[in-house]
1. Choose one answer from Glu60, Glu24, Glu39: the residue with the largest mean-square fluctuation in a GNM of the chain with alpha-carbon springs under 10 Å.
2. Would you please give the residues with an amide H less than 5 Å from that of Ser7, counting only those at least 5 places away or on a separate chain, with H modeled from the backbone geometry?
3. Simple spin-label model, 7 Å along Cα-to-Cβ: Asp120 to Gln167 in nm?
4. Where does each of Ile72, Ile11 land when they are ranked from fewest to most other beta-carbon atoms within 10 angstrom?
5. Evaluate the relative contact order of the stretch 136-176 (contact order divided by residue number), counting alpha-carbon pairs under 8 angstrom at least 6 apart; express in whole percent.
6. Can you tell me which lysines have their Cα less than 21 Å from the Cα of Lys175? Leave out same-chain residues fewer than eight positions away.
7. Could you give the nm distance between label points at Ser47 and Glu26, where each point is 7 Å from its Cα heading toward the beta carbon?
8. Mind checking the full-extension length gain between Ser73 and Glu39? Use 0.36 nm per residue of separation minus the Cα-Cα distance, one decimal, nm.
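Each value in this text was obtained by applying a stated rule to the coordinates, not by laboratory testing. All values reported here derive from a predicted model rather than from experimental measurement. FYI the Cβ positions are ideal-geometry reconstructions off the backbone, even for glycines, and counts take in every protein chain you see.
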Amino acid sequence: MENEKPSLLVIEDDRKFQDTLKIEFEERGYEVTTAASLEEVRNLSPSRPFRFATVDLRLETEFGLPIVEYLISLYPECRIVVLTGYGSIATAVEAMRRGASQYITKPIQVDKLERLLWTDSPPTEEPETSLTVPSLARHEREYIEWVLVQTNGNITEAARRLGIHRQSLQRKIRKFIPK
């Protein structure tokens, strides 16, 4: 039993990044399973519980936080790192509340990701050389993300709470995602 490979579930909709993580962690001795949605995770039948998981916060058609909650309900000991392209305090707090062990923004080096899987220590960041005031656009993005978390990713309900048209909210969200 001691010689078993640590099991890792990678939930990522970017297939190239998913493949990269799979290859890198398999080379490090992990047993890696991949998925790109909650439905794919529900259809998995692993031979043993997952010890670790990485979950992308924004998947192609859904939000990753319900997946965190689902994984914790099945595997309470699973250590989950939530990865996001655009981090915000609201989504970080919500990810931790739902059971994530760590929350980090992409891009990330595989060595650092592996350390985060094994430790409770907060990720260390390079110190900022100058104080910067967050832009209005960043505040708007963080608030929209917070509302999306509150509505479990429901665009229609989020738009209603924000007092804007659904299509306007979709356009704003598209601006957050790099091309």
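1. Result: Glu39 has the largest fluctuation of those listed.
2. Glu31, Arg51, Phe52
3. Going from the Asp120 label point to the Gln167 one covers 5.1 nm.
4. Starting with the residue having the fewest Cβ neighbours, the order is Ile72, Ile11.
5. About 31 percent, as a whole number.
6. Lys106
7. Taking the two extended label points, one gets 1.5 nm.
8. Fully extending the segment from Ser73 to Glu39 adds 10.7 nm.
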